[in-house]
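Written out below as C-alpha cells is the structure these notes cover.
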Ligand SMILES: Cc1ncc(COP(=O)(O)O)c(C=O)c1O
C-alpha cells in the first residue's frame, strides 16, 4: 500500500508540520498505513490523491447515508450558497426542516439545531440536570457520546479497568464524579445504581444500538427496561442516535426498536455529510430551552447550508423502500463476509443492524464492551489493509456502513475482493 499511496505519505508529512497530529480528528490518526489524503468522492466510491479508487464502506464515519456528493443534496447546498452562507438569524429552512423532523421522530415535539453530535449531547446533559435538579447521569461502558468532558467517560479502556468505575479517556478532563457507569445489557447493575443513587440521577444515556463498540444490540427487553426504570425514578432517558438516527430506519433506533425516549440526539446521517446536529425531545423538557432557562447557543447553529442539505436528504430518505434496500445490502454483505471468513477457518462474528455492522475476529458475539476486547484487533487490521490494497475502504475499528448509493454489484465486488485479500 505504501508504494501505491506515496502522494498521501508526502502530504501527511507536510501536514504534520502545521496541523496538530496531521489530522483534524484524533481518531483518524489510527488509519493504516497512515492517514490517506482524498481528492473526491462520488456515490459509493472515493479517490485518493494518488488516483486509487476505493469502494467506500467507511462513509466518513457514518454521515454519508446517501453516498458521496448526492446530486439532490449538493444542488440544494449550491442553491443556498448563492443566497447566503449563514445569517446568524432566522430563516425558513429552520422551521421547514424542524417540521419534517418532528413529524418523523417519535420523541420530537420540539428540536434544536447545532453543528456536531458533541454539542447536542452537552445540551441534553445540561437540560436533564436543569429539569430534574439532579447532578448525576448514568451511561454505559463503551458507549461514545462525543468528546465533551462529561460525556467522554468509560469509552476506551483496558480489560484491567474495574467494572462500573467511571474513567476519563484523556488528560485534562474535568472530574467525572457525576457520572455513573454500568455494563451494557446489565439490568442488575442499573437497578443497583438506581437503588443507591436514584434520587440523584438526572438522565440515562445510551446508544440504542451500541454502534461505537461492536455494534451490539440491546438484548430483548433491555431498552423497555431502561424506559420503565427511568420513568419510575423521574429520570430522563436519552437515546444518542448520532449513528442509528436516519440510518437503521427513518425514525431511527427509537422507531425501529419501539421504545420512545424523552430526548434524542442526532448528527451524521441527518446532515448527509454537512455539519448538522439535532436535539429532539418532549415539549415538557425542551421548553426549558424555549424559555431560555437552559442555554443552547452557537454562532453557526441552524446554518442554511446544512439545513438545505438536510431538507434534500430527508426527501430521499423518506422515499418508500429506501431502508429496505440498504438493510438488504447490509445483510447480504455481512452474511457474505461471515461465510467467506468462516470458510477459510477464521473465527469471526458479525453484529449490528442492516446498514451498520461490525466484523470481529472472535468466537462469540459480544454482549457488552468488555466482551469486544476478546477480538483479535491485529488480525482485523491486517484484513483491513488487505482490503484497502484491493480497493475496499473500511474503518480501522471493524464497523462497516452502507449507503443508498451502494449497489448489489458493489457488494458482490467487495466479497470477491475480500476473498483475494484473505
Ligand atoms: C453515538 C455518538 N454520539 C455522539 C457523537 C459525537 O458526534 P460528533 O463527532 O459529531 O461530535 C458520535 C460520533 O461519532 C457518536 O457516534
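The values are calculated or read from the model by the stated rules, or taken from the named source; none is laboratory data. What you see is a predicted model, and the numbers here were worked out from it, not measured in a lab. Cβ: placed from backbone, ideal geometry, glycine included. Neighbour counts: every protein chain shown.
Surrounded by fewer than 24 Cβ atoms within 10 Å (Cβ to Cβ) and either within 16 Å of the ligand (Cβ to nearest atom) or under 18 Å from the mean Cα position of the chain (by Cα) (or both), is that true of residue 240?
no
Say whether the condition of being in a strand (DSSP E or B) and more than 25 Å from residue 315 (Cα to Cα) is met by at least one residue in the stretch 190-200. No, the stretch 190-200 contains no residue that is in a strand (DSSP E or B) and more than 25 Å from residue 315 (Cα to Cα).
Looking across the stretch 119-152 at every residue that is part of a helix (DSSP H, G or I) and surrounded by fewer than 19 Cβ atoms within 10 Å (Cβ to Cβ), the one that is farthest from the ligand (Cβ to nearest atom) is identified as 130. Which members of the stretch 397-422 meet the condition of being at pLDDT 95 or above, part of a loop (DSSP other than H, G, I, E, B) and closer than 23 Å to residue 144 by Cβ? If the condition is that a residue be at pLDDT 95 or above, part of a loop (DSSP other than H, G, I, E, B) and closer than 23 Å to residue 144 by Cβ, then 398, 402, 403 are the ones that fit.
Taking first residues from the stretch 145-157 that are in the same structural domain as residue 263 (by TED's automatic domain parsing) and over 17 Å from residue 135 (Cα atoms) and partners that are assigned to a loop (DSSP other than H, G, I, E, B) and within 12 Å of the ligand (Cβ to nearest atom), the Cβ contacts under 6 Å between residues at least 6 apart in sequence or on separate chains come to 145/151; 155/144.
Note on the stretch 1-58: enclosed strands (runs of 3 or more DSSP E) holding 3 or more residues that are in contact (Cβ under 8 Å) with a residue 40 or more places away in the chain, within 21 Å of residue 386 (Cβ to Cβ) and in the same structural domain as residue 412 (by TED's automatic domain parsing) are 53-56. Residue 163 meets the stated requirement of being assigned by TED's automatic domain parsing to the domain that holds residue 256, touching a residue at least 24 places away in the same chain (Cβ under 8 Å) and surrounded by fewer than 24 Cβ atoms within 10 Å (Cβ to Cβ). Restricting attention to the stretch 201-219, the residues that are assigned to a loop (DSSP other than H, G, I, E, B) and either out of contact with any helix residue (DSSP H, G or I) (no Cβ under 8 Å at 6 or more places or on another chain) or crowded, with 24+ Cβ neighbours inside 10 Å (or both) total 5. Output yes when any residue across the stretch 94-111 is in a strand (DSSP E or B) and more than 30 Å from residue 387 (Cα to Cα), and no when none is. Yes, because at least one residue in the stretch 94-111 is in a strand (DSSP E or B) and more than 30 Å from residue 387 (Cα to Cα).
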